[in-house]
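Engineer: Below is one structure. I have some questions about it.
The values are calculated or read from the model by the stated rules, or taken from the named source; none is laboratory data. Predicted model, so just to flag it, every value in this text is computed and none were measured. Neighbour counts run over all protein chains shown; Cβ positions are idealised from the backbone, glycine included. SASA here: full protein model, heavy atoms, side chains in, ligands and nucleic acids out. Shrake-Rupley method; radii C 1.70, N 1.55, O 1.52, S 1.80 Å.
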Amino acid sequence: MSPLASRLERFSTSPSQIMTLRVRELQAAGRDIVKLTQGEPDFPTPDHIKQAAVAAMAADETKYGPVAGTVALRQAVIDKFKTDNGLDYAMNEVIVGAGAKQILFDALMALISHGDEAVIAAPYWTSYPDMVQFAGGTPVIVDTELQNGHKMTPAELDRALGPNTKILMMNSPCNPTGAVYDADELAGLAEVLRRYPNVIVVSDDIYEHLIFDGRSFSTLAQVAPDLKERTITINGVSKAHAMTGWRIGFAGGPAPLIAGLVKIQSQSTSGTSTISQAAAVEALRGNQDHVGERTAILAARRDRLLAAVQAIDGLDATRPHGALYLYCRCEGVLGTTSPEGRRINSDADFAEYLIEEAGVAVVAGAAYGLSPYLRASFTMSEAELDKAAERLADGVAKLRR
Ligand code: PLP
């Protein structure tokens with residue numbers, strides 16, 4: 001076969017997906033691996049949402065729908081933005097796509113021209129730099145500090161912005177740190193952005209409802225209404241409603257940008273599944289009890305894994321206030337050797353050791369732009385988390401200096 005297009009060289013395969021595949025392979029070979037790599041809660045999609053999909057099929061809602069999304073779902077998205085976030089959008093200012101991920105990808109494709117820069121705070125979701133590069137842009141990474149809760153400060157943002165900046169990526173609650181920007185922190189960043197009128201904000205709010213400890217959620221366009229005309233606010237049903245497989249994401253933003261996304265969608269996917277869209281209408285409009293109940297369960301799981309990690313000599317983690325992950329510092333295990341003679345000189349070595357010799361899968365911090373760390377999901381049952389914690393503790397105890 002002739003070589004693949006060179007544009008593929010600007011992409012790497014998602015490290016968490018590589019790890020998930022690896023776990024599947026090892027499990028298929030009979031190995032017992034506990035997975036802390038999941039980017040999704042282990043809960044099922046609530047029944048009333050599944051029933052809405054069944055009803056849509058029964059009503060033959062099985063044909064091509066409008067490229068931008070069904071009117072019913074876009075209206076539900078408009079109402080959601082108004083009720084939850086105080087944001088007003090018209091029908092031509094919202095779009096529905098195949099997950100928040102597709103909307104992010106299309107937004108970057110629609111906005112970035114060759115040489116444009118996109119400012120991304122590290123640690124970041126692994127896909128952002130790859131997507132920026134794929135679109136022909138240059139990621140500009142801002143290293144955040146642990147003492148600031150891994151949140152970008154206005155001064156750090158100011159230093160990163162320049163004449164070539166086109167995009168600021170925002171993600172709160174953050175994957176992988178669980179950091180949550182409050183309204184004042186967003187207002188501080190907005191103050192800086194006012195001096196850079198050409199910068200467009202891409203706000204990835206997918207973890208909006210996975211927020212703990214009584215914290216409230218804020219998003220930039222709400223905190224700084226004057227920046228709404230240059231902000232695209234992206235969200236979806238994947239995480240809050242345990243609907244990752246249904247592939248529904250949505251966004252609100254300026255009409256010309258949304259028209260650009262619709263254009264891309266019209267020549268790529270023709271829009272996402274009409275059946276999933278019917279289910280998403282129910283997710284947004286129907287009973288929301290599961291959201292609070294499940295968030296409380298996740299907070300308890302977070303506390304359990306956090307306490308276990310903090311008790312392990314050589315590992316440490318701070319309490320994440322949102323999302324699904326602990327970002328664990330593992331500097332204390334560097335420079336050690338495993339029972340099978342593996343040298344642990346980086347977080348990637350440590351993650352490799354854990355899956356190969358300790359039977360627990362995590363993702364190395366290198367994938368998220370800040371080492372030496374591990375990302376460990378607390379999406380599993382308490383029994384699974386206890387098993388994982390035991391293996392982590394045993395694995396670390398067996399390392400020799
Ligand atoms: N944004 C972030 C920060 C994520 O962590 C994820 C999934 O892990 C997504 C977007 C993708 O969401 P969706 O499943 O709706 O495409």
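Engineer: Looking at the stretch 65-77, which of the residues that are crowded, with 20+ Cβ neighbours inside 10 Å and hydrophobic (A, V, I, L, M, F, W, C) is farthest from residue 219 (Cα to Cα)?
Structural biologist: So, considering only residues that are crowded, with 20+ Cβ neighbours inside 10 Å and hydrophobic (A, V, I, L, M, F, W, C), the one farthest from residue 219 (Cα to Cα) is 67.
Engineer: Under 7 Å between Cβ atoms, at least 6 apart or on separate chains: pull out the pairs that start in the stretch 103-124 with a residue that is modelled with pLDDT of 95 or more and end on any residue that is open to solvent by 10 Å² or more (accessible area, probe 1.4 Å) and among the charged types (D, E, K, R).
Structural biologist: 111/166; 112/166; 116/166; 117/166; 118/166; 122/143
Engineer: Test each condition in (1) farther than 21 Å from residue 319 by Cβ; (2) in contact with a helix residue (DSSP H, G or I) (Cβ under 8 Å, 6 or more places away or on another chain); (3) within 16 Å of the ligand (Cβ to nearest atom) for residue 129 and report the one that comes out false.
Structural biologist: Against the list (1) farther than 21 Å from residue 319 by Cβ; (2) in contact with a helix residue (DSSP H, G or I) (Cβ under 8 Å, 6 or more places away or on another chain); (3) within 16 Å of the ligand (Cβ to nearest atom), residue 129 comes up short only on (2).
Engineer: Now for a separate question. Return the residue satisfying two criteria in turn: it lies in the stretch 157-184 and is without any contact (Cβ under 8 Å) to a residue 24 or more places away in the chain and part of a helix (DSSP H, G or I), and of such residues it is surrounded by the fewest Cβ atoms within 10 Å (Cβ to Cβ).
Structural biologist: The extreme case among them is 184.
Engineer: Another question about this same structure. From 361, 376, 348, 317, grab the single residue that is open to solvent by 10 Å² or more (accessible area, probe 1.4 Å) and not aromatic (Phe, Trp, Tyr).
Structural biologist: Exactly one residue qualifies, and that residue is 348.
Engineer: Looking at (1) away from the ligand (no atom under 13 Å from the Cβ); (2) under 26 Å from residue 16 (Cβ atoms); (3) touching a residue at least 12 places away in the same chain (Cβ under 8 Å); (4) surrounded by fewer than 21 Cβ atoms within 10 Å (Cβ to Cβ), which is the only condition residue 135 fails?
Structural biologist: It fails just one condition, (4).
Engineer: For the stretch 82-99, which residues satisfy the criterion of being open to solvent by less than 10 Å² (accessible area, probe 1.4 Å) and within 16 Å of the ligand (Cβ to nearest atom)?
Structural biologist: Hits for the stretch 82-99 are 94, 95, 96, 97, 99.
Engineer: When the residues of the stretch 157-181 are filtered to those that are away from the ligand (no atom under 16 Å from the Cβ) and among the aliphatic types (A, V, I, L, M), which remaining residue is farthest from residue 193 (Cα to Cα)? Write out each step before concluding.
Structural biologist: If we filter the stretch 157-181 for residues that are away from the ligand (no atom under 16 Å from the Cβ), which is where we start, we get 157-166.
Adding the requirement that they be among the aliphatic types (A, V, I, L, M) leaves 157, 160-161.
Working: 157: 9, 160: 11, 161: 9 Å.
By that ranking, first place goes to 160.
Engineer: Going by what's in this entry, would residue 142 be described as closer than 15 Å to residue 369 by Cα and away from the ligand (no atom under 15 Å from the Cβ)?
Structural biologist: It is true that residue 142 is closer than 15 Å to residue 369 by Cα and away from the ligand (no atom under 15 Å from the Cβ).
Engineer: Restricting to the stretch 100-114, name every residue that is under 23 Å from the mean Cα position of the chain (by Cα), away from the ligand (no atom under 16 Å from the Cβ) and either of a type in the set (Gly, Ala, Ser) or open to solvent by 50 Å² or more (accessible area, probe 1.4 Å) (or both).
Structural biologist: Scanning the stretch 100-114 gives a single hit, 110.
Engineer: Restrict the check to the stretch 211-218 and report whether at least one residue is free of Cβ contacts under 8 Å to residues at least 60 places away in the same chain, surrounded by fewer than 19 Cβ atoms within 10 Å (Cβ to Cβ) and outside the structural domain of residue 329 (by TED's automatic domain parsing).
Structural biologist: The answer is yes; a qualifying residue exists.
Engineer: Can you pull out every residue in the stretch 333-368 that is under 28 Å from residue 129 (Cβ atoms), of a type outside the set (A, V, I, L, M, F, W, C) and touching a residue at least 40 places away in the same chain (Cβ under 8 Å)?
Structural biologist: 353, 365, 368
Engineer: Look through 25, 40 and report the one residue that is at pLDDT below 95, open to solvent by 30 Å² or more (accessible area, probe 1.4 Å) and in a helix (DSSP H, G or I).
Structural biologist: Step by step, each of 25, 40 is checked, and only 25 is at pLDDT below 95, open to solvent by 30 Å² or more (accessible area, probe 1.4 Å) and in a helix (DSSP H, G or I).
Engineer: Looking at the stretch 206-219, which of its residues are more than 9 Å from the ligand (Cβ to nearest atom) and not polar (S, T, N, Q)?
Structural biologist: Within the stretch 206-219, 208, 209, 210, 211, 212, 213, 214, 215, 217 qualify.
Engineer: Then there's this: Given the criteria open to solvent by less than 20 Å² (accessible area, probe 1.4 Å), assigned to a loop (DSSP other than H, G, I, E, B) and either of a type outside the set (A, V, I, L, M) or in the same structural domain as residue 110 (by TED's automatic domain parsing) (or both), does residue 196 qualify?
Structural biologist: On the way: open to solvent by less than 20 Å² (accessible area, probe 1.4 Å): no; assigned to a loop (DSSP other than H, G, I, E, B): yes; either of a type outside the set (A, V, I, L, M) or in the same structural domain as residue 110 (by TED's automatic domain parsing) (or both): yes.
Considered against the rule, which asks whether it is open to solvent by less than 20 Å² (accessible area, probe 1.4 Å), assigned to a loop (DSSP other than H, G, I, E, B) and either of a type outside the set (A, V, I, L, M) or in the same structural domain as residue 110 (by TED's automatic domain parsing) (or both), residue 196 comes out as no.
Engineer: Name the single residue that is nearest to the ligand (Cβ to nearest atom) among those in the stretch 220-245 being in a loop (DSSP other than H, G, I, E, B), closer than 30 Å to residue 47 by Cα and not basic (Lys, Arg).
Structural biologist: 238
Engineer: To continue, here is another question. Return yes when residue 207 is aromatic (Phe, Trp, Tyr), out of contact with any strand residue (DSSP E or B) (no Cβ under 6 Å at 6 or more places or on another chain) and in a loop (DSSP other than H, G, I, E, B) and no when it is not.
Structural biologist: Against the criterion (aromatic (Phe, Trp, Tyr), out of contact with any strand residue (DSSP E or B) (no Cβ under 6 Å at 6 or more places or on another chain) and in a loop (DSSP other than H, G, I, E, B)), residue 207 does not qualify.
Engineer: Within the stretch 323-340, can you find the residues that are hydroxyl-bearing (Ser, Thr, Tyr) and surrounded by fewer than 24 Cβ atoms within 10 Å (Cβ to Cβ)?
Structural biologist: Residues satisfying the conditions are 336, 337, 338.
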